[in-house]
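Peer 1: This structure is in structure tokens; I'll ask about it shortly.
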Amino acid sequence: MDRRKFLKQSSLASSLFFVPSFVRAFEDVASSKLGYKRLVIIQLSGGNDGLNTVIPYRNDLYYKERPRLAIAKNDIIKLTDDVGLNPSLEPLKRLYDKGYLSIINNVGYPNPIRSHFRSMDIWQTATDSDTYSQSGWIGRYLDNYGKTPHSAIEVDESLSLAMKGEHLNAIATQDAKALYNLSKDPYFKNIHGHQNDAHLSEHNLGYLYKSMIAAESSAKYIFETSKTVSSKKEYPNNKFGNQMKTTAQFINSHLETKVFYTSLGGFDTHVNQLSRQKRLLGIYADSVEAFVQDLKDNDTFKDTLILTFSEFGRRVKQNASVGTDHGTANNVFVIGENLKTQGFYNDMASLSDLDDNGDLKFEIDFRTIYATVLDKWLEVDDTIVLNKSFNPLGFI
Amino acid sequence: MKAKHIQHLYRRIGFGILPTELEKLSKKRKKDVVNSLFKASKSMTLLEVDTSEIKDIFSGMMNASKRDSETLRKIQKISRKKQIELNAAWINRLTKSPEVLREKMTLFWANHFVCEDNSIIYIQQFNNTLRKYALGDFRDFVNAVSKEAAMTKYLNTKQNRKQKPNENFARELMELFTLGVGHYSEEDIKESAKAFTGYSHNLRGEFVFKQRAHDEGEKTFFGKTGNFSGEDIIDIILEQKQCAKYICEKIYRYFVNDVSDKNHINAMTEVFYKDYNIENLMRFVLQSNWFYEDNNVGTKIKSPIEFLVGMKTMVPTEFKEPKQLLYIQKLLGQILLNPPNVAGWKGGRNWIDSNTIVLRLKLPSLLLNDAYISKVKDGHEDAQIDAKKAMFNKKFGKRFKTEVNWKYFNNQFQNVGINDFQNHLLACDVNDSAKAYLQSLEKVSKQEYCIQLMSLPEYQMC
């Protein structure tokens, strides 16, 4: 879509906030004519150990550096003659076999930071590692191309920095009914009455009223739209499984939402990594498989792209506690039906050419992945969102 | 001094003022009211939770030849628990301290010299450094911050060695702490980073200067050349008037108005540049006439902490579980001691998103009144009130373990007529449709009316 036209639409929509039916009409046109591509982001928090996720099982260095942590050849799910998956990732193997998975190896950024908070911050704001931003990359997407708070939804209780823009923020909800109930006290409706005060947003109080009305309207919209669909699929009965189930429900009810954000934590495996990571990857893979199947049953998978990342990978060498310490580059999973590069997008990182800390040297800047998704999937100008130009990759 | 002005003053340099206190002050002159604020903040009370458990482990470790990972994990575990305690203690302090101005300034500086650390010892020490210099000499302040254990960790000055400089601290020192972006060159960053090589700390969190890691070579910084130390660099930065201006702008936006006023900021800069004395600067601001002008009153959006502490100031509310207090901060988007990154919270309209506005409007009734906001029409009785509250309590009561002291509120507001409530609880005028709606409702009781007012978007303003 023409960017200027989109901009015009979004600014028009926001100035006409008090005429919701008009906005709705706009949205209906947009969705029916353009198809409706959605992005689902899955954040693995804590720094998932990429090397025990996608495993170079023929590389002697892998076994040499991880005598107690390497996964036995026989247990590894082989994808190619050299590379396989963690035994928990059987569901991912099935997606791989169908051509729904693209694995991008060795993703990172220059001058890597090994602090969880800071590195997650960098991934969420898409800045250089020596620059700090108070807005996230999806937030800036909303600033430029979003229309309402529910243009992006974080399936959680509160918003990550990734979802906060300079002017427009996403909305967070893991329970549409609870959010709706919180917002719908008739008291709130009565205090703003049916006012149509155009200069409301010029001052701070007006901005609060405007936000209140927008929140009420989004909460109501999300609840009433999504309640029409209920998932028949079985998901793992845990927080992440529920997040994915809710996301599927939102997508399958055709909410006008472009981006969904979910996360699974606990990957900071300094101690006794094997069992912990196995359990977490199992939760991840089982939930994602159920999610994909749920979307396929509802014919929405073709318009959905799923991006999985973690703030960093972990050190090649195991530590003294049968775990790993914070590292650098990591793999990113892209899941979808329309992938141009199915399977492996690029080769595994070298295990012999490491940096001073004994960490992988990154090959692909994570922001080139964002740029690709923005440009080719969400079809917007990625340089406006990322404040910088990156060469797109060929995976979609 | 006019009541309206006292209220404005206390909303900005504190978290609001109760009617009884207001009555006392309104007999005084402005000059005396402002002076009394500074007098009350002359003293400094450290904010401390009991960390003896960790300190004991530390002293054991000083003698041990090796630090085993199990001990480190134990420290981390205690530290995490203690951080929650410190968070709750800080909020409690903000609610109750007689050193009102010092505490509000500390909160301001915590979002200026932004830092976080997982060690309770280091972050508590850092927090008290903010408190100590909050109204002091800015030069000493910057130097103290540069030598704090938590800061040398947070911005990697610890890793900044002669052989392998790390520019993180030098960059943020200029970009965020003193000059603002665009007022220095990349070369200035490189050169000044050399001056901070060797800054480190010991296990107890005391500053250690590692002579061998320090670069004794010549550095060229802002056109001057010499074997500069970290202190020298800070001196040269403070020679730039831009530094005074940058700080004044930030103080203006925090205490006066989101929108900068060039003339007022210039006047502030002249005062501050003279001696970099923070107290003198704040006296100038609070004594000025423009601080009390209508366009500066009730025009700022409260931060989550201002909102929460302000509510607790009017109606004392104790959280039985510190974790619940932490959870509410998370949902509101500002957890004390846990900033998003070194740039801090953006503030202003940035506090507001769909989730936070909905929660802000609902929180007073949720915490103080069993989620009930009276909507009974004028001349009618609120027949269902007790039943509704009881039902909520049965269903959700366990979620909020709070103790609300309405008795205290009723005492404080004993002599306040119900028509004057708005002036005490709201900083700005109520918009017309809300006003009309409120007028159509029965004023059931002072408590119910207070909840109605606190549930307005207007209550979010200060």
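The values are calculated or read from the model by the stated rules, or taken from the named source; none is laboratory data. These figures come from a predicted structure and were not determined experimentally. We place every Cβ from the backbone using ideal geometry, glycine too, and count neighbours over all the protein chains shown.
Peer 1: Of the conditions (1) surrounded by fewer than 18 Cβ atoms within 10 Å (Cβ to Cβ); (2) out of contact with any Pro (no Cβ under 9 Å at 6 or more places or on another chain); (3) outside any loop (DSSP other than H, G, I, E, B), A:Glu337 fails just one. Which one is it?
Peer 2: Of everything listed in (1) surrounded by fewer than 18 Cβ atoms within 10 Å (Cβ to Cβ); (2) out of contact with any Pro (no Cβ under 9 Å at 6 or more places or on another chain); (3) outside any loop (DSSP other than H, G, I, E, B), A:Glu337 misses just condition (3).
Peer 1: Could you check how many residues of the range B:320-373 are at the interface with chain A (Cβ under 8 Å from one of its Cβ atoms), assigned to a loop (DSSP other than H, G, I, E, B) and more than 18 Å from the chain's Cα centre (by Cα)?
Peer 2: The number of residues fulfilling the criteria is 2.
Peer 1: So for the range B:51-58 (the condition being loosely packed, with under 10 Cβ neighbours inside 10 Å and in a helix (DSSP H, G or I)), does at least one residue qualify?
Peer 2: yes
Peer 1: Could you say which residue among A:Gly84, A:Gly108 is crowded, with 21+ Cβ neighbours inside 10 Å, in contact with a Lys or Arg (Cβ under 6 Å, 6 or more places away or on another chain) and not aliphatic (A, V, I, L, M)?
Peer 2: Every option except A:Gly84 fails the conditions.
Peer 1: To continue, here is another question. Which one of A:Glu216, A:Glu202, A:Glu234 is more than 14 Å from chain B (Cβ to nearest Cβ) and more than 21 Å from the chain's Cα centre (by Cα)?
Peer 2: A:Glu234
Peer 1: In addition: Can you name the number of the only condition in (1) under 29 Å from B:Tyr122 (Cα atoms); (2) more than 10 Å from every other protein chain (Cβ to nearest Cβ); (3) hydroxyl-bearing (Ser, Thr, Tyr) that B:Thr317 fails?
Peer 2: The failed condition is (1).
Peer 1: Right, something else. I want to confirm something. Restricting to the range B:203-221 and keeping residues that are farther than 19 Å from B:Asn166 by Cβ and over 36 Å from the mean Cα position of the chain (by Cα), which single residue is surrounded by the most Cβ atoms within 10 Å (Cβ to Cβ)?
Peer 2: The residue in question is B:Thr220.
Peer 1: Take the range B:417-435 and flag every residue that is within 14 Å of chain A (Cβ to nearest Cβ), hydrophobic (A, V, I, L, M, F, W, C) and in contact (Cβ under 8 Å) with a residue 60 or more places away in the chain.
Peer 2: If the condition is that a residue be within 14 Å of chain A (Cβ to nearest Cβ), hydrophobic (A, V, I, L, M, F, W, C) and in contact (Cβ under 8 Å) with a residue 60 or more places away in the chain, then B:Leu426, B:Ala427, B:Cys428 are the ones that fit.
Peer 1: Please give the number of the condition B:Ala88 fails out of (1) more than 14 Å from the chain's Cα centre (by Cα); (2) modelled with pLDDT of 95 or more.
Peer 2: Evaluating B:Ala88 over (1) more than 14 Å from the chain's Cα centre (by Cα); (2) modelled with pLDDT of 95 or more leaves (1) as the failure.
Peer 1: If A:Val229 satisfies every condition in (1) in a helix (DSSP H, G or I); (2) under 17 Å from A:Glu256 (Cβ atoms) but one, which is the exception?
Peer 2: Only one criterion in (1) in a helix (DSSP H, G or I); (2) under 17 Å from A:Glu256 (Cβ atoms) is unmet by A:Val229, namely (1).
Peer 1: Just to be sure I understand, how many residues within the range B:436-462 are in a helix (DSSP H, G or I) and either buried (at least 18 other Cβ atoms within 10 Å of the Cβ) or within 12 Å of another protein chain (Cβ to nearest Cβ) (or both)?
Peer 2: So the count comes out to 15.
Peer 1: Then there is this: Please determine, by comparing only the residues of the range A:89-109 that are without any contact (Cβ under 8 Å) to a residue 40 or more places away in the chain and part of a helix (DSSP H, G or I), which one is nearest to the other protein chains (Cβ to nearest Cβ).
Peer 2: A:Lys93
Peer 1: Exactly one of these conditions fails for B:Asn410: (1) assigned to a loop (DSSP other than H, G, I, E, B); (2) within 19 Å of B:Leu22 (Cβ to Cβ). Give me its number.
Peer 2: (1)
Peer 1: Checking the condition surrounded by fewer than 22 Cβ atoms within 10 Å (Cβ to Cβ), of a type in the set (Gly, Ala, Ser) and more than 26 Å from A:Glu256 (Cα to Cα), which residue from A:Gly313, A:Gly358 passes?
Peer 2: Step by step, each of A:Gly313, A:Gly358 is checked, and only A:Gly358 is surrounded by fewer than 22 Cβ atoms within 10 Å (Cβ to Cβ), of a type in the set (Gly, Ala, Ser) and more than 26 Å from A:Glu256 (Cα to Cα).
Peer 1: Against the definition (facing chain B (nearest Cβ under 8 Å) and acidic (Asp, Glu)), how does A:Asp156 come out, yes or no?
Peer 2: No.
Peer 1: Do any residues in the range B:293-308 that are farther than 22 Å from B:Asn111 by Cα have Cβ atoms under 8 Å from those of residues that are part of a loop (DSSP other than H, G, I, E, B), where the two are at least six apart or on different chains, and which pairs are they?
Peer 2: These pairs meet every condition: B:Asn295/B:Asn257; B:Val297/B:Ala427; B:Val297/B:Cys428.
Peer 1: When you go through B:Ile236, B:Ile278 one by one, which is the residue that is crowded, with 17+ Cβ neighbours inside 10 Å and within 30 Å of B:Ser36 (Cα to Cα)?
Peer 2: Going through B:Ile236, B:Ile278 in turn, the sole match is B:Ile278.
Peer 1: For residues that are assigned to a loop (DSSP other than H, G, I, E, B) and among the small types (Gly, Ala, Ser), scanning just the range A:232-289, find the one that is farthest from A:Glu90 (Cα to Cα).
Peer 2: A:Ser253
Peer 1: Follow-up. Among the residues of the range B:403-416, is any in contact (Cβ under 8 Å) with a residue 12 or more places away in the chain and within 14 Å of chain A (Cβ to nearest Cβ)?
Peer 2: no
To keep it simple, each residue is scored yes or no on (1) more than 27 Å from the chain's Cα centre (by Cα); (2) of a type in the set (Asp, Glu); (3) not in a helix (DSSP H, G or I).
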site	(1), (2), (3)
B:Glu381	yes, yes, yes
B:Asp386	yes, yes, no
B:Asn393	yes, no, no
B:Asn415	yes, no, yes
B:Asp420	yes, yes, no
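Peer 1: Go through the range B:374-399 and count every residue that is within 14 Å of chain A (Cβ to nearest Cβ) and not aliphatic (A, V, I, L, M).
Peer 2: 11
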